[in-house]
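**Q** To start, I am sharing the structure in question, which I have written as structure tokens.
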Amino acid sequence: MSEVMPGTARPAGGITPIAPSASGPAGVVGGVAAVAAAAVIASSAAAANSNNPNGSAAAASQAEPDMKGWLLKWTNYLKGYQKRWFVLSKGVLSYYRNQAEMAHTCRGTISLHGALIHTVDSCTFVISNGGTQTFHIKAANEVERQSWVTALELAKAKAIRAMESDEEEEDTAANTIPSEELNLVVRELTVRLENLKTCYDLITKHGTALQRALSELETGDDLANKTKIVSERATLFRISSNAMINACSDYLQTAQTQGHKWSKMLQHERDQKLHLEEMVEQLARQHSHLEQAANRHRPNAATSASDDEDNEFYDAQEEGGSVASQEESSFILNIPVTTHHNHRRNSNDATGSSSEGEEGNSETQQVLVVAEDLGNMDVTDRISVNSSQALTPTLSNQSKVARKRRTRVPEKPNYPLNLWSIIKNCIGKDLSKIPMPVNFNEPLSMLQRLTEDFEYSEILDRAAQTKDTCEQLAYVTAFTVSSYSTTSNRTGKPFNPLLGETYECDRTDDLGWRCINEQVSHHPPMAAQYCEGRGWRCWQEFSMTSKFRGKYIQIVPLGYTHVEFLATGNKYTWRKVTTTVHNIIVGKLWVDNHGDMEIFGENNAKGVKCHLKYLPYSYFTRDTQRRVKGVVMDSANQVKWVINGTWDSKIEIAPVTSTSGSTENPVYKTGNYKTAWTRRVPPPDSDKYYNFTLLACQLNEPEPNVAPTDTRLRPDQRLMEDGKWNESNQEKLRLEESQRARRRQREAEAEQAATEGRPYPPYEPIWFGKEKEEGTDNLVHVYKGSYWDMKAKQDWSKSPNIF
């Protein structure tokens, strides 16, 4: 096949018919060679272009951005909107101070696959990824704004599809072989496969002609001429068959040679992976043993420890311990000094990628809190000073007759679990986007876990009766801490809500509050909640990002929570702190909450704020573990109340009675502490049913007349609660695939609308609507106020069928 017969070659992709009378056997061979040569030439040309930076293939690979141009971006209150060069490419929006900076300095980026895009007015639009980054952008006119918004929506749809495809797995497999060598082998196999296809077509053609000639030989005259034709046909068929055999042999030889090589490389990679996993697990065990040893020798450590190697975590003090000692009631706290009150106008916080220096002042002020001498008071007297019995009622000690509710859920089946075996391939990824079996869940959804925040709602009832704004904020702070109390022994993952899923909880008959929750977004996952109680209302927009770091999982909440007291109009806003789940690889799972929390007063409480610090767990500290400490400051930045306690036990608050020291390093002396919150001890056998509290056991209890989208009606979660985990896993897969199908349909419709140049309405929640947040351009989900009326009428016509 070294020579191509004249007149037989055709462009690659076509198959040249060979007339037997014109070209004969040589024509057949020449035709096969021509097609093969054309394929080789085309492949070689493609390879040459791909290796040539000036070639057309390289030029095509360096795709032009989806959109680029000058826009105005909000920077800060001093500079306002500034002109920036924006580039939209491959699902990422980037900006620069000018076009020349594109070669070396990017000022900020935001990934679109989980972004929220909304318009503010005829020229302004906002892009946010759920809380960590927000770009406020202004176009020159409405036409330009709509062009950018359309391009961003289209790029977002493409980014979501790309993220959830199987390309990542294919790339992982491809990385085991050098890319250049892989391309050469693929080209060679492609050429040989084209030869096989050509030979197949020739065999089919000449086989049919031979059969026809044999049929004609049986009838009619002129046998000599017909015999000659049959002989020619048979010769062509034999040549085609030989060519087919040779082509098959070449393909098989190449495939076997490369296949053996790839198998060895694949086995090597598997061995390396297993070896790495063993090393990581061994390191985790050594780390855990070191932690145990450090804990045994740490001051105030527990004196007894189990010899069970699975018990990898020991508390420094028993639950319910007090911070009553005078030494622990005195502490040093670093308070950040902010330059402006409106802390949410520019959302490029520490986790963002902006490099323009658009943040506020990050300086801190160190304060010393000293408790007065309480030597004449015992602990019992001290923690009950000015305390109210209304702060810690039992769920049944109410004046109003409440409906009888269940006190526990079915016991958890004893299935063997190995979390490491499931998520060892997910290091560095966002776990909220990774499907997990129900074996690692608890039979509650994220919407129900958010409702658990109100387990100690009596603290807000007490705050609503408080006249002093700073003292009221101290109680609000205790309420924010109480929401973490169950995380000390709850390691199960809640179910991810489906888009449009809702959950209502009406406890006005006994606890005095009712709330409604709805999953309002899928990319990024976001839930909205509204709750109203005795003299207060609370709402939040909750989203989070979670990363698996090898030995631990870190969960960073996004979005803000608000509470407003109706009598005074005082409003307070905060964001939750980071939660970390430890001992993923080996040992007993345990949870820690850590970070700084800022609670800001708004409306009539404007200027009042609280800085609260959750100390991370450490084996090398003399401090109380799981400690929380903070101060409440008035509008003049003077500390008025002190917060002290632990997030798994109790919080005590004390007023500041005197101030001394310098302005830079003030010293605050406190009065008597009083208990603002004490955790209710869970039942002794709660470990048999997911360590649920009494309220948690009642959250998923079946209830009549709820919306058809209510979590209680979710089949996979109900099956898990009933102990049917295998059936639950199957139902979970069905629900997730159904949700993906609905999302793909919306994306296809959005892409079609973008192609046609018309706007496509985004998904709209049923019970919450988007409104501009006061003082910012951010759109937040606000309760419409119609759910309970619709429930009374049993009008669920707007509720979609998601289960």
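The values are calculated or read from the model by the stated rules, or taken from the named source; none is laboratory data. Note that the structure is predicted; figures quoted are calculated from it, not measured. FYI the Cβ positions are ideal-geometry reconstructions off the backbone, even for glycines, and counts take in every protein chain you see. Areas reflect the complete protein model, heavy atoms only, side chains present, ligands, DNA and RNA absent. Shrake-Rupley method; radii C 1.70, N 1.55, O 1.52, S 1.80 Å.
**Q** Note down the Stokes-Einstein diffusion coefficient of region 203-250 in µm²/s, whole number, using a Kirkwood radius over alpha carbon pairs, 4 °C, and 1.567 mPa s.
**A** Diffusion coefficient, whole number: 114 µm²/s.
**Q** Right, here's the next one. Taking R0 as 56 Å, what FRET efficiency do you get between residue 204 and residue 604 from their Cβ-Cβ distance, rounded to the nearest 0.05?
**A** After rounding, the FRET efficiency stands at 0.05.
**Q** Could you tell me the calculated FRET efficiency between residue 162 and residue 730, based on Cβ-Cβ distance and R0 = 41 angstrom, to the nearest 0.05?
**A** Efficiency, from the Cβ-Cβ distance: 0.90.
**Q** May I pose another question? Counting C-alpha atoms alone, how compact is region 690-732: give Rg to one decimal and Dmax as a whole number, in angstrom.
**A** 11.2, 29
**Q** Then there is this: Rounded to the nearest angstrom and ordered from largest down, what semi-axes does the equivalent ellipsoid of region 71-152 get from its C-alpha gyration tensor (root of 5λ)? Can you show the working numbers first?
**A** Working: eigenvalues 62, 49, 37 Å².
For region 71-152, the semi-axes come out at 18, 16, 14 Å.
**Q** How big is the accessible area of residue 764 in square angstrom, nearest 10, if you roll a 1.4 angstrom probe over the protein chains?
**A** 100 Å²
**Q** Right, here's the next one. Regarding region 573-722, what are the three Cα extents along the principal axes, ordered largest first, in Å?
**A** If we take the Cα atoms of region 573-722, the spans are 62, 43, 27 Å.
**Q** Residue 637 to residue 248: extension gain in nm, 0.36 nm per residue of separation minus the Cα-Cα distance? Don't skip to the end; give the middle numbers.
**A** Values: separation 389, 0.36 × 389 = 140.04 nm, distance 8.38 nm.
Gain on extension, residue 637 to residue 248, equals 131.7 nm.
**Q** Could you work out the percent of alpha carbon pairs in region 600-650 separated by over 18 Å, rounded to a whole number?
**A** 42 percent
**Q** Just need log10 I(q)/I(0) for region 653-725 at q = 0.12, 0.13, 0.17, 0.21 Å⁻¹, Debye formula, equal scatterers on the alpha-carbon atoms, no solvent, rounded to two decimals.
**A** -0.61, -0.64, -0.80, -1.02
**Q** Percent relative contact order of region 672-803, based on C-alpha pairs within less than 8 angstrom and at least six residues apart?
**A** Rounded, it is 23 percent for region 672-803.
**Q** Also: Any number yet on Rg/Rh for region 515-621, C-alpha, Kirkwood?
**A** Across region 515-621, the Cα-based Rg/Rh ratio is 1.06.
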